Amino acid sequence: MRHLLLALPLALLSPILTAQEHEHASLRTHEHGVGTLNLALDGQILELNLESPAMNLIGFEHAPHSEEERARVAALRAQLEQPLELVALPAAAGCTLAAQELDGRLFAEHEHEHDHGHSDIRASYRLTCAHPERLEALDLAAFFARFPATHRLAAQLIGPAGQRGAELTPDNPRLQF
């Protein structure tokens, strides 16, 4: 699923990030409010890979303990399964969802009820774009509105114009291609 993104070693992305951005680009520190978004455009294929602490997206990281929490996990899954409602792309590019993969302990069927560790959510998407040359920008305003506990996404893009890094926020939700 994540063919292009897995083929992009962090070493390729390092020159586009300052030392501070590089620190935030990795969720090894598991910083609440911060996530990463990696994008790769190759021909007509646009791959997106979002990684975020579950706290940013759902408000908790433990296994759901109640029906209300289980319903919130199900609602999160449903939201993440509709990436084109969270990420706005130019309609003229004609992008459609070809494949997706959601991963994270909260989505595991046999989550341990007493597990209190940090939990990350990973969402990977492959889009096919009929006119990739019309991809001028990506807008995450809807994403930030839907997940207000996310304050910043460290974005990394590799495409025909080269490599680019940006810090996306609710006040600055657009990434230029």
Exercise for the section: Answer yes or no as to whether Leu89 is open to solvent by 30 Å² or more (accessible area, probe 1.4 Å) and of a type outside the set (Asp, Glu). Expected result: yes
Exercise for the section: Residue by residue through the stretch 164-176, note down the ones that are surrounded by fewer than 16 Cβ atoms within 10 Å (Cβ to Cβ), out of contact with any Phe, Trp or Tyr (no Cβ under 8 Å at 6 or more places or on another chain) and modelled with pLDDT of 95 or more. Expected result: Asp171, Asn172, Arg174
Practice task
Select from the stretch 143-177 the residues that are basic (Lys, Arg) and closer than 25 Å to Leu76 by Cα and write down the one among them that is nearest to the chain's Cα centre (by Cα).
Solution key: Arg152
Practice task
For the stretch 142-156, state whether one or more residues are in a strand (DSSP E or B) and more than 16 Å from Gly35 (Cβ to Cβ).
Solution key: no
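Conditions tested, residue by residue: (1) over 17 Å from Leu39 (Cα atoms); (2) touching a Lys or Arg at 6+ places or on another chain (Cβ under 7 Å).
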| residue | (1), (2) |
| --- | --- |
| Ala78 | yes, no |
| Ala108 | yes, no |
| Cys129 | no, no |
| Ala137 | no, yes |
| Ala166 | no, no |
| Thr169 | no, yes |
| Arg174 | no, no |
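The values are calculated or read from the model by the stated rules, or taken from the named source; none is laboratory data. Being a predicted model, the structure only gives us computed values, none of them experimental. Positions of Cβ are generated from backbone atoms using ideal geometry, with glycine treated the same way; all protein chains shown enter the neighbour counts. Surface areas here come from the heavy atoms of the whole protein model, side chains and all, with no ligands, DNA or RNA. Shrake-Rupley method; radii C 1.70, N 1.55, O 1.52, S 1.80 Å.
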